[in-house]
Ligand code: CMP
């Protein structure tokens, strides 16, 4: 068994439309354990630090403004194969390409306002979990 941890965010667009409960239900329905959860607002600077790998992308400033535009829910998730399975449950980054049954198909409205975030690999999961959670906060 390859029990993994991954990091997820319910983004400001999904929080604003009251989709938090539905997304948490989908997370539990897919067999994830929620081992850390916090609702918070982040500053533009904190968003820039989190998305530093995208600093050269044309959408970087807009993305960081958006991520600091309202409350988000930071989540630490655990299950077998958590990183790939969470990406599958989220669906494609652009909701226009997201499959039926995915969170982005149901709740995202654009490539930027795409409802949820997820780590894309083991090293980014480690960085992203530690950006938002101290080890003692995970259950
Ligand atoms: P996320 O999984 O949080 O990782 C980086 C984010 O950048 C991504 O989801 C999208 O919200 C955003 N993003 C990626 N590509 C684009 C794009 N072409 N235009 C605007 N935003 C984008």
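The values are calculated or read from the model by the stated rules, or taken from the named source; none is laboratory data. Quantities reported herein were computed from a predicted structural model and do not represent experimental measurements. Note that we place each Cβ from the backbone using ideal geometry, even for glycine, and neighbour counts take in every protein chain shown.
Restricting region 43-56 to residues that are more than 14 Å from the chain's Cα centre (by Cα) and within 13 Å of the ligand (Cβ to nearest atom) leaves a set whose member that is surrounded by the most Cβ atoms within 10 Å (Cβ to Cβ) is 48. Entry remark, region 58-75: residues being assigned to a loop (DSSP other than H, G, I, E, B), closer than 18 Å to residue 110 by Cα and in contact with a helix residue (DSSP H, G or I) (Cβ under 8 Å, 6 or more places away or on another chain) number 3 in total. State whether the residues of region 23-31 include one that is within 11 Å of the ligand (Cβ to nearest atom) and either within 14 Å of residue 8 (Cα to Cα) or more than 13 Å from the chain's Cα centre (by Cα) (or both). No: zero hits. Do we have any residue at all in region 37-52 that's in contact with a helix residue (DSSP H, G or I) (Cβ under 9 Å, 6 or more places away or on another chain), closer than 20 Å to residue 101 by Cβ, at pLDDT 95 or above and assigned to a helix (DSSP H, G or I)? The answer is no, given that none of the residues of region 37-52 is in contact with a helix residue (DSSP H, G or I) (Cβ under 9 Å, 6 or more places away or on another chain), closer than 20 Å to residue 101 by Cβ, at pLDDT 95 or above and assigned to a helix (DSSP H, G or I). Given the structure, is residue 8 surrounded by 16 or more Cβ atoms within 10 Å (Cβ to Cβ), within 12 Å of the ligand (Cβ to nearest atom) and either at pLDDT 95 or above or in a helix (DSSP H, G or I) (or both)? Here the answer is yes, as residue 8 does meet what is asked.
Residues in region 107-127 that are more than 15 Å from the chain's Cα centre (by Cα) and away from the ligand (no atom under 13 Å from the Cβ): 1 in all. Within region 57-75, being touching a residue at least 24 places away in the same chain (Cβ under 8 Å), surrounded by 12 or more Cβ atoms within 10 Å (Cβ to Cβ), within 12 Å of the ligand (Cβ to nearest atom) and farther than 20 Å from residue 21 by Cα holds for 59, 63, 66.
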